[in-house]
Amino acid sequence: MMTPPLPHLLLLEDELPLARIVRESLERQGFRVTHAADGALGLAAFRREPFDLCIVDIMLPQLDGLAFVAEIRRTNQQVPVLFLTAKSQPADVVQGFGVGGNDYLRKPFSLDELLVRLRELLRRAPAAAPALPAAVPLGRYVFVPLRQELWLDGQLNARLSHRESELLELLARHQPRPLGRKAALLQLWGDDSFFHARSMDVFISRLRKYLRHDPAVAILNLRGVGYRLVT
């Protein structure tokens with residue numbers, strides 16, 4: 001019987017002593033780890049070979065972690081991303097989710113907690129869902145999921161963040177059925193905590209703002225249930 005391949009992780013961390021400890025610890029736990037000390041080297045590695053998960057320090061030289069994730073999300077929306085951050089303000093964390101992060105861990109952190117979060121991200125990483133059409137009509141709008149773009153009457157109306165695009169895609173997949181609030185939180189954020197629920201409210205408000213030019217298109221708030229996209 002063939003042995004399954006080891007999960008391959010990309011670690012972006014410029015603090016070399018910390019990177020060495022994390023890499024060696026993860027390798028002892030059965031992971032294969034590629035380390036890059038700055039965002040530009042990490043991007044080159046990501047384009048060179050496939051990874052099962054990325055661990056990304058936000059404050060990196062050359063190309064910071066937020067810019068790195070925004071760049072990889074142009075072509076890959078599936079690989080899970082765990083941010084490592086010394087920043088603790090809610091706005092910083094929301095920004096990380098906005099560019100396409102799936103989870104975050106504040107420094108200093110324990111290796112045990114890192115392992116738990118990595119295994120959970122890998123466990124819930126979904127198989128590729130059936131693709132939406134390349135262009136999804138929404139009233140006068142056209143949503144282009146792959147490019148994370150929203151067009152209005154043939155003109156580009158908005159370039160969506162990764163999280164905005166994920167949320168609009170979920171709403172479009174469920175149309176005309178309601179999208180359960182808890183189900184959306186679990187799928188996109190991994191839990192239904194108060195903080196993540198508030199984050200989702202922010203992204204829903206942004207989507208409503210983008211869609212405001214066509215009164216026939218709306219994201220309805222269904223009290224006690226979730227949301228429904230109507231066109």
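The values are calculated or read from the model by the stated rules, or taken from the named source; none is laboratory data. The shown structure was predicted, so the numbers you read here are calculated from the model rather than taken from an experiment. Because the Cβ atoms are built from the backbone with ideal geometry, glycine has one as well, and the counts that use them run over all protein chains shown. Quick note on the areas: whole protein, heavy atoms, side chains included, nothing else; ligands and nucleic acids left out. Shrake-Rupley method; radii C 1.70, N 1.55, O 1.52, S 1.80 Å.
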Could you identify the single residue in V33, V22, V94, V69 that is in contact with a strand residue (DSSP E or B) (Cβ under 8 Å, 6 or more places away or on another chain), closer than 21 Å to H162 by Cα and either assigned to a loop (DSSP other than H, G, I, E, B) or β-branched (V, I, T) (or both)? V69
How many of the residues making up the stretch 54-84 are touching a Phe, Trp or Tyr at 6+ places or on another chain (Cβ under 9 Å) and surrounded by fewer than 22 Cβ atoms within 10 Å (Cβ to Cβ)? 4
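Given the structure, is P17 part of a helix (DSSP H, G or I) and either open to solvent by 20 Å² or more (accessible area, probe 1.4 Å) or within 22 Å of D92 (Cβ to Cβ) (or both)?
Taking the combined requirement at face value, the residue satisfies it.
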Give me a count of the residues in the stretch 145-190 that are under 17 Å from the mean Cα position of the chain (by Cα) and outside any helix (DSSP H, G or I). 10
Scanning the stretch 85-99 for residues that are open to solvent by less than 60 Å² (accessible area, probe 1.4 Å) and over 10 Å from the mean Cα position of the chain (by Cα) gives T85, D92, V93, V94
Residues that are of a type in the set (K, R) and crowded, with 18+ Cβ neighbours inside 10 Å, drawn from the stretch 179-205: R181
Can you work out which of the residues in the stretch 102-126 that are acidic (D, E) and free of Cβ contacts under 8 Å to residues at least 60 places away in the same chain is most open to solvent (accessible area, probe 1.4 Å)? D112
Going by the conditions given, is L18 under 19 Å from S110 (Cβ atoms), among the aliphatic types (A, V, I, L, M) and free of Cβ contacts under 8 Å to residues at least 12 places away in the same chain? yes
Those residues that are more than 25 Å from I72 (Cα to Cα) and of a type in the set (S, T, Y), I need them from the stretch 159-204; list them, please. S193
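Report the residue count in the stretch 29-53 for those that are open to solvent by 20 Å² or more (accessible area, probe 1.4 Å) and more than 12 Å from L12 (Cα to Cα). Full working, then the answer.
Residues of the stretch 29-53 that are open to solvent by 20 Å² or more (accessible area, probe 1.4 Å), as a first pass: 29-30, 32, 34-35, 37-38, 40-41, 43-44, 46-52.
If we keep only those that are more than 12 Å from L12 (Cα to Cα) too, we end up with 29-30, 32, 47-52.
Residues meeting the conditions: 9.
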Quick count over the stretch 131-165, residues being acidic (D, E) and open to solvent by less than 30 Å² (accessible area, probe 1.4 Å), is 2
